[in-house]
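The values are calculated or read from the model by the stated rules, or taken from the named source; none is laboratory data. Every value quoted in this text rests on a predicted model; they were computed, and no experiment measured them. FYI the Cβ positions are ideal-geometry reconstructions off the backbone, even for glycines, and counts take in every protein chain you see. Just the protein is used for accessible areas: all its heavy atoms, side chains included, with ligands, DNA and RNA removed. Shrake-Rupley method; radii C 1.70, N 1.55, O 1.52, S 1.80 Å.
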Amino acid sequence: MASTSRGDGLSLPRVQCPNHPDTILVEDYRAGDMICPECGLVVGDRVIDVGSEWRTFSNEKALKDPSRVGDAQNPLLNGGDLTTMISKGTGAASFDEFGNSKYQNRRTMSSSDRAMLNAFKEISTMADRINLPRNIIDRTNNLFKQVYEQKSLKGRANDAIASACLYIACRQEGVPRTFKEICAVSRISKKEIGRCFKLILKALETSVDLITTGDFMSRFCSNLGLPKQVQMAATFIARKAVELDLVPGRSPISVAAAAIYMASQASAEKKTQKEIGDIAGVADVTIRQSYRLIYPRAAELFPPDFKFDTPVDKLPQL
């Protein structure tokens, strides 16, 4: 006689052998039985096989998928997307005496679900282009669903809302991207993304942490191929410049670019303003303006253990 045990009120029942409760049961897939390997007792019968009911060979993978279970459940769509679509019948039994189809779809995908599904695909495409992880995609999808259901941004394009949600999700997950980076992978202008960004923060009554120079430094230096010593020096320079209030009103991105330029010019791995500007997404003029603000006190900005290839007094004055 099979026995079941229930450890506590929250756990599911566990099938076990009454004579050998600690033994791992063996499943006979052909017969659908759970068998105790110690005594041979059939503990459970008629076990449902959750595997596929066909065999797929390597040369059949490109052909039509015979699966009947449909896509995975999507909790972001109404009803979890657990709908059934009945294909159009072709035989005589599919129609009544008047020629009308006997079996019709009781419910097709609503327009709101279709709009959200298209937005989710666009979000996934944008995230893949800039190599963002799955947790940011999920957060972006949730943000978009909240905004869409509130109908607080009526009249704005869904692509613009999706781009702004992606920007907010990156900020909230601690891996911020610039507006220009989001703009580069979407079809929306930087100005429109910025407008939607402000409207979404107001509609959802949420906030994002302020971006700092350190949020972008490692990524910019890595894309420029700079060594670790230069990256650490640039981070130190940018942080010190902010502490000394040398760059009031300047964006963290332009300050980070100027710090990278100063650190690279003092090392053997020199980079031009244009190379740094292309990676950081800022103009050469912007880098020069921030650099001029920090240059007069350059001697105070470098870390004590930095190995100079070019002395401070030989750095370009611009």
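Observations, loosely collected:
- Sorting the Cα pairs of region 213-314 by distance into bins of 5 Å, from 0 upward, gives 2, 15, 30, 28, 19, 6, 0 percent per bin.
- Once the 1.4 Å probe is applied to the protein heavy atoms, region 213-314 comes out at 48 Å² accessible per residue.
- When each of the peptides 231-241, 255-265, 137-147, 26-36 is scored by how many other beta carbons lie within 10 Å of its residues on average, the order from highest to lowest is 255-265, 231-241, 137-147, 26-36.
- The residues neighbouring Arg195, those whose beta-carbon lies less than 13 Å from its own, together hold a net charge of +4 under the Lys/Arg +1, Asp/Glu -1 convention.
- Maximal additional length on extending the Thr90-Asp209 stretch stands at 36.9 nm, based on 0.36 nm per residue less the C-alpha distance.
- Take each peptide in 110-117, 170-177, count the other Cβ atoms within 10 Å of every residue, and average; sorted highest first, the result is 170-177, 110-117.
- Overall, region 111-204 carries a charge dipole of about 360 debye about its Cα centre when +1 sits on the Cβ of Lys and Arg and -1 on the Cβ of Asp and Glu, all other atoms neutral.
- Simple label model, 7 Å out from Cα along Cβ direction - Ala299 to Ala283, nm: 3.4 nm
- Alpha-carbon spread of region 111-204, three principal axes, descending order, Å: 30, 24, 23
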